[in-house]
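Q: Pasting in a structure now, in structure tokens, and then I'll have a few things to ask.
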Amino acid sequence: MTEITFIGEKITEGANSFLAQEYLYLGIFSAAFAILLGCTVDLQEMGRDVAPTNFPYTAVSFIAGCATSILAGYIGMTIAVYTNSRTTFGCCESVDVGFNTAFKGGQVLGFVLVGLALLVLEIVVIVIKASWFDV
């Protein structure tokens, strides 16, 4: 096992440990804030006399956003750690190879995260439109 591979595995372990702790606290906060949103905004909307809603749209949309954020963070950290080891190895060969590796890793990361965000946003809009409006 090369030194770069060993260090890369240790960085991956550290990143996964960090994400586990971060997602624990993020999950607790997200659940608490979703309950707060449900008890304030959604409860008020569901109790209106004129055109009440029949579902806690705000709280559910918030949870969907939190889940998307968690997934984006995991994907982002995985791609970044994966790319960092390869960039280091590429820089041993030449700076151009290392730069191209880092640049391509950043492109993949950006496109995946933006695509994921747009996909989830579109799904939320379609679901709310289909359930709220008489289409």
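Q: For F55, which of the numbered conditions (1) over 13 Å from the mean Cα position of the chain (by Cα); (2) among the aromatic types (F, W, Y); (3) within 29 Å of E122 (Cβ to Cβ); (4) modelled with pLDDT of 90 or more fails to hold?
A: Failed condition: (4).
Q: Something else now. Are there any pairs with C-beta distances below 6 angstrom linking a residue in segment 53-67 that is free of Cβ contacts under 8 Å to residues at least 24 places away in the same chain to a residue that is of a type outside the set (S, T, Y), with the two at least 6 apart or on different chains, and if so which?
A: Going by the 6 Å Cβ cut-off, the qualifying pairs are P56/G38; P56/D42; T58/L37; T58/V41; T58/D42.
Q: All but one of (1) farther than 18 Å from I7 by Cβ; (2) crowded, with 16+ Cβ neighbours inside 10 Å; (3) touching a Ser or Thr at 6+ places or on another chain (Cβ under 8 Å) hold for R86; which doesn't?
A: For R86, the exception is condition (1).
Q: Right, next: Which of the residues belonging to segment 33-73 are surrounded by fewer than 16 Cβ atoms within 10 Å (Cβ to Cβ) and outside any helix (DSSP H, G or I)?
A: Scanning segment 33-73 gives G47, R48, D49, V50, A51, P52, N54, F55.
Q: Sticking with this one: Inside segment 71-95, can you point out the residues that are polar (S, T, N, Q) and in contact with a Phe, Trp or Tyr (Cβ under 9 Å, 6 or more places away or on another chain)? Quick ask: steps written out before the conclusion?
A: In the first step, residues of segment 71-95 are kept if they are polar (S, T, N, Q); the result is 78, 83-85, 87-88, 94.
Within segment 71-95, T87 is the sole residue that qualifies.
Q: Continuing with this model, one more query. For segment 55-83, name all the residues that are among the small types (G, A, S) and within 15 Å of F111 (Cβ to Cβ).
A: Passing the criteria: A72, G76, A80.
Q: Turning to a different aspect of this structure: Considering only segment 15-26, how many residues are within 18 Å of F62 (Cβ to Cβ) and free of Cβ contacts under 8 Å to residues at least 12 places away in the same chain?
A: 1
Q: State whether one or more residues within segment 99-106 are farther than 30 Å from E9 by Cα and either part of a helix (DSSP H, G or I) or touching a Ser or Thr at 6+ places or on another chain (Cβ under 7 Å) (or both).
A: Looking through segment 99-106, none of the residues is farther than 30 Å from E9 by Cα and either part of a helix (DSSP H, G or I) or touching a Ser or Thr at 6+ places or on another chain (Cβ under 7 Å) (or both).
Q: Hey, among V114, V125, V120, V108, which residue is of a type outside the set (K, R), surrounded by 12 or more Cβ atoms within 10 Å (Cβ to Cβ) and within 27 Å of T58 (Cα to Cα)?
A: Numbers: V114 fails: surrounded by 12 or more Cβ atoms within 10 Å (Cβ to Cβ); V125 fails: surrounded by 12 or more Cβ atoms within 10 Å (Cβ to Cβ); V108 fails: within 27 Å of T58 (Cα to Cα).
Within the list V114, V125, V120, V108, the selection yields V120.
Q: Of all residues in segment 79-123, which are out of contact with any helix residue (DSSP H, G or I) (no Cβ under 6 Å at 6 or more places or on another chain) and charged (D, E, K, R)?
A: Across segment 79-123, the qualifying residues are E93, D96, K104, E122.
The values are calculated or read from the model by the stated rules, or taken from the named source; none is laboratory data. Model, not experiment: these values are computed from the prediction. Reconstructed Cβ throughout: ideal geometry from the backbone, glycine too, with neighbour counts over all protein chains shown.
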